[in-house]
Every structure is written in C-alpha cells, then in structure tokens.
Amino acid sequence: MINPFHYPKAKHSRKLHPPAYANYRQYKPELREEFEGQCVYCRMLDAVKGREGFGVDHYRPKKHFPHLATEYFNLFYCCNRCNSLKWNFWPSRINRANGQFVPNPCEHVMFDHLRYRGGAIEANSNAGEWTAELLLLNDALAVNFREAYIKALDLVFAQLRASKATVAEAKTQIAKKGLVSPDSDRVATALKRAEENVKGLEDQLKALLGQ
C-alpha cells in the first residue's frame, strides 16, 4: 500500500532562506517548496486540494506573538482546514504540563506523535492525541477520502507494474526472434502501446503525488 500522507520520521531542517517580506502571505511559494506541497499537520497534498486550499500557518499565533508574524521560522505550509481549526491555539501552562500541544515539524519528530494506519491517523503521545482532536484529523469524511485516494494510487501502481512487465516481455521477444520474424510487427506494436501506457501512468502518478 502506497500512503503519500505519511508523517516525517525526522525533524524538518529548513532549507530555504527567503528575504524578509512585509506580508507573511508572500512566503507561501517558499513554504510550499520547503514542505513539498503538503500540509505539515494532516499531510494532505495540495495536488489533491489545490494550492488555493492552502495557506500560511503561524505556529506561534499572531494574537499571542505579534512580533513573529513575518518570521519565516514561525511559518508553515498548511491546508486551510487545519489552519482554521488550529486558529489562535497556544498551550497554557496546564496544557504544557499535560503534554497538550501541537507538534512543531521543525522542533519535534512528527512520527513520534502521529502516524497513519491506512487512511486513519493514530496518536502516539498526549500531544498527538490533542492535535488529532483539535484539528479533527480523524473526521469520518477525511478518513474515507484518504482511504479512497490510497486505493486509487495502489490501482495506478498495479497498472504501471503490469505495463512495465509487458514492455520487458516484448523487448525479450524482439531480442530472441529478431526484427525480421513473421510476428515482429505485432510485437513492436505491443511494445509501443505498452511504452505509451507506462508514460501515461507515470504522468498520472506525478499528478496524484504533486510531482
């Protein structure tokens, strides 16, 4: 099973160093590249929701940390749904004492707190459980959609493997029989069709995975 929504097993180290912008929204292109077109919280791909369904999240909310409103290290690429649900949340002293906070991908290993089991998300810590509840990560519609998407990816991968096997078999026949055999045209046609299928399926996968 191919699951494109998996959580990172290492802390994210920022690679980009954009200029200081006056408006935090101007960082969106860099943040999209930085986090490879995925929401840092639910791991949804913008190839699925569309880039207009994503925005800039302030890990430390503007309401509580106005001086960090345009600091790149405080900004994350985030789907609008998670951004709206997270809103101005910042853990209180009691929250922190109980481990109730939203993990920061640059400060925490996200996989230690949240991981996927099929289309559902499992919490592995108090912070993970808190985040899953706050952001409604296991909303029934979201889980059903992710499961359907994963199945669609598996189907495309299966078709791609079959087409690649057909290409390999056709090339083997041509190598054994030569291009002057009576059925060479049939084999060559099958090879061309299979190669076209491979290219088309690879393009579909790139589109599905936002590559």
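All of the numbers you see were taken from the coordinates with simple rules; none came from a lab. Quantities reported herein were computed from a predicted structural model and do not represent experimental measurements. Here Cβ is always computed from backbone atoms with ideal geometry, including for glycine, and neighbour counts include all displayed protein chains.
Cα-Cα over 29 Å: which of LYS15/LYS199; LYS28/LYS199; LYS171/LYS206; LYS11/LYS62?
LYS15/LYS199; LYS28/LYS199
Around the amide H of HIS113, modelled in the peptide plane, lies no amide H under 5 Å away from a residue 5 or more places distant or on another chain.
Each label point was placed 7 Å from the Cα along the Cα-to-Cβ direction; for SER13 and ASN138 their separation is 3.4 nm.
Candidate membrane-span-like segments in the chain, meaning DSSP H helices with Cα atoms spread over at least 24 Å of their own axis and a Kyte-Doolittle mean of 0.0 or above, are 140-177, with no membrane implied. Here LYS9 is the anchor, and the aspartates and glutamates within straight C-alpha reach of less than 20 Å, apart from those fewer than 8 places off in the same chain, are GLU33, GLU34, GLU36, GLU107, ASP112, GLU122, GLU129.
Just check region 24-138 against the gyration tensor rule for me: Cα atoms, a ≥ b ≥ c as the square roots of the eigenvalues, rounded for a/c under 1.5, and otherwise prolate or oblate depending on whether a/b exceeds b/c. It is oblate, given that a/c is not under 1.5 and a/b is not larger than b/c. 3J(HN,Hα) along region 82-95: 5, 4, 5, 6, 6, 6, 9, 4, 9, x, 6, 4, 5, 4 Hz, from the Karplus curve 6.51 cos²θ - 1.76 cosθ + 1.60 with θ = phi - 60°, whole Hz, x for Gly and Pro. Subtracting the Cα-Cα distance of GLU122 and ASN80 from 0.36 nm times their residue separation leaves 13.0 nm of extension gain.
Using r as the Cβ-Cβ distance of PHE157 and ASN95, and R0 as 35 Å, what FRET efficiency do you calculate, to the nearest 0.05? The calculated FRET efficiency here is 0.25.
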